[in-house]
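Worksheet: the structure to be examined is printed underneath.
Here, each number is a calculation from the coordinates, and none is a lab measurement. Predicted model, so just to flag it, every value in this text is computed and none were measured. Methodologically, a virtual Cβ is constructed for each residue, glycine included, from the backbone with ideal geometry; neighbour enumeration extends over all protein chains shown.
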Amino acid sequence: MIITTPHHTLDLSARVHVMGILNVTPDSFSDGGTLNHDRLLVTRVAAMVADGVDILDIGGESTRPGAAPVSLAAEIARVIPAIETIRRRFSTPISVDTSKAEVGRLALEAGADIINDISGMRFDPAMLPLVVAKQVPVIIMHMQGIPGTMQERPYYTDVVAEIKAELRQWLHHAETQGLNRSKIIIDPGLGFGKTVDHNLSILKHIPSFTELGCPVLIGHSRKRFIGILVGEKDPARLDVGTAAISALCARSGAAILRVHDVGKTVQAVKLAQAIEAAL
C-alpha cells in the first residue's frame, strides 16, 4: 500500500506508521491549550520527530463527545499558522484534521499532505471536490451521528458489518466522483458513536476492515473506553493502555496508529512487528 502525498511517498505495507496528535485547540479532552504558542509547538514536534513519528496530525476543532463546533475563521486561525510554523522547520508529512473544505484547502497550500476528515467528507459538500481536484490522500472515518450527540445512544445490530458496509458505500461514492482508491485511508472511528463493547469488537476485527482494500487507521489513543476498562479517569495516564492496544493493532493489519505518546507507540509497534517476523 503506497500513499503518495504532494511531498512524500509513504509505504504503508512496509511497516506500521505512527501518527502524532497535535491539538491546537483550547478544549481538547486530553491536551487542550498546551500548544498555543509557537515555541511550545516546535518543542512538541521536535520531540515527536526524535521519537520516530511518521505523520503529524494537526487539528483545530475538538471532536470529543459533546464538543461544540467552532467557526471557520477560528479553525483557520488555529490551524494554518501551526502548519506554517512546522513546515518552516520540519519535513515530516502533515495531516490536517478537519471537516471544513476551506481549512483543508488552506492547509494544503501551507504545506499539509493529507486531509483527515472525521465526517467521511459528508459534513462539507465541498470537501470531496477539493480532494478530487488536488488528488491528495484523505482519511475517511466512520461516525454515527455528530460529535455533539454521538455518544448519547449509539446502536448497531452488527457493529463491524455495519461500519464496513457504510465505509464501502462511501468509498464507492468517492470513486464515482473521481477520487482514486489509492488515495483513501479508512478509519472505523473508535469512540465516535460507539460503546465500549463496540470499540472492542472493532479492535478484535481489524483484519476484516483491511478487506476493503485501503490502509486502515486506528485512533484509540487515550480514549475514554480504555479508562473505563482499566479504571483510570485521567486521559494523560492512559498511554500504557494505548501502547498495549497499539501492539495488538500492529499485529492485526493496521497501517497507521494515531496517538498522543509517539515514543511508547513506536516501541510497542517495533516489538510487535519483531514478534510477528520471528520464525
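For ILE94, the residues whose modelled amide H falls within less than 5 Å of its own, excluding neighbours fewer than 5 places apart on the same chain, are LEU56, ASP113, ILE114. Rounded to the nearest 5, the antiparallel percentage of DSSP beta bridges internal to the chain is 10%. Ordering 94-100, 138-144, 117-123 by mean Cβ neighbour count within 10 Å, with the highest value first, yields 94-100, 138-144, 117-123. Calculated [222 nm] ellipticity per residue, helices only, for the chain: -13000 deg cm²/dmol; basis is -39500 (n - 2.57) per DSSP H run with n ≥ 4, divided by all residues, nearest 500.
Pairs exceeding 26 Å between alpha-carbon atoms, taken from LYS223/LYS264; LYS100/LYS194; LYS204/LYS233; LYS134/LYS270; LYS134/LYS264; LYS164/LYS264: LYS134/LYS270; LYS134/LYS264; LYS164/LYS264. Summarised as an ellipsoid, the range 2-273 has semi-axes of 24, 22, 19 Å, derived from the eigenvalues of the Cα gyration tensor scaled by 5 and square-rooted, with the largest first. Here is what passes the span test in the chain: the DSSP H helices with alpha carbon length of 15 Å or more along the helix axis and a Kyte-Doolittle mean of 0.0 or above are 38-51, 72-89, 239-250, 262-277.
Running a GNM on the chain with Cα contacts under 10 Å, which residue among GLU61, GLU102, GLU175 ends up with the highest mean-square fluctuation? Result: GLU175 has the largest fluctuation of those listed.
Cross-link partners of LYS183 among aspartates and glutamates, defined as those whose alpha carbon lies under 15 angstrom from its own and excluding same-chain residues fewer than eight positions apart: ASP11, ASP113, ASP117, GLU175.
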